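Take a look at the structure below.
Quick note: the coordinates plus some simple rules give every number you see, no bench work behind them. Since this is a predicted model, take the numbers as computed values, not measurements. Here the Cβ positions follow ideal geometry from the backbone for every residue, glycine too, while neighbour counts run over all protein chains shown.
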Amino acid sequence: MRIGELAARTGSSVRSLRYYEEQGLLASVRSAGGQRHFTEDDVERVAFVQRLYAAGLSSRTIRELMPCRDAPSDENSDAALERMAAERDRLSGHIDELLRTRDTLDALMAVARAHHPACRAAAA
């Protein structure tokens, strides 16, 4: 199938599919005229890539996880689980940092609200 059909069947944009190919997440066979052709398996492959992107993974990380899909084995599964756990820890660290930042902002807003009437009175 051509790239437009793959895009329609997966809900992806043609641009996204070209990006996936550029990042080594998807491969096509080129016709003599240079058109990309994909297989039925690529429909599920794109869905898999989209799920990983939705989980907040980078294209580099997704590429590292592809052996688990392409050549399932205990070793590849263990490596994928370890990599996903590391990404989860990284995301948890970002979440903790965002929560601290939000708490700091909440404290600053509380101080500003406490002084707000005084600021208006001083300006008058």
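Of note:
- Any pair with Cβ under 8 angstrom, 6 or more apart, that starts in the range 3-31 at a residue that is more than 11 Å from residue 59 (Cα to Cα) and ends at one that is basic (Lys, Arg) and surrounded by fewer than 17 Cβ atoms within 10 Å (Cβ to Cβ): 3/18
- Residue match in the range 26-41 (condition: of a type in the set (A, V, I, L, M), closer than 30 Å to residue 95 by Cα and surrounded by 12 or more Cβ atoms within 10 Å (Cβ to Cβ)): no
- Selection count where residues are surrounded by 10 or more Cβ atoms within 10 Å (Cβ to Cβ) and outside any helix (DSSP H, G or I), scope the range 60-110: 2
- Condition check for residue 47: in a loop (DSSP other than H, G, I, E, B) and either at positive phi or surrounded by fewer than 17 Cβ atoms within 10 Å (Cβ to Cβ) (or both): no
- Evaluation of residue 99 against (1) more than 24 Å from residue 3 (Cα to Cα); (2) touching a residue at least 24 places away in the same chain (Cβ under 8 Å); (3) not small (Gly, Ala, Ser) (one fails), failing number: (2)
- Note on the range 17-44: among residues that are assigned to a loop (DSSP other than H, G, I, E, B) and among the aliphatic types (A, V, I, L, M), the one that is nearest to the chain's Cα centre (by Cα) is 25.
Results for (1) out of contact with any Leu (no Cβ under 8 Å at 6 or more places or on another chain); (2) under 16 Å from residue 87 (Cβ atoms), shown as yes or no for each residue.
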{"residue": "8", "(1), (2)": "yes, no"}
{"residue": "11", "(1), (2)": "yes, no"}
{"residue": "16", "(1), (2)": "yes, no"}
{"residue": "24", "(1), (2)": "yes, no"}
{"residue": "28", "(1), (2)": "yes, no"}
{"residue": "46", "(1), (2)": "no, no"}
{"residue": "52", "(1), (2)": "no, yes"}
{"residue": "59", "(1), (2)": "no, yes"}
{"residue": "64", "(1), (2)": "yes, yes"}
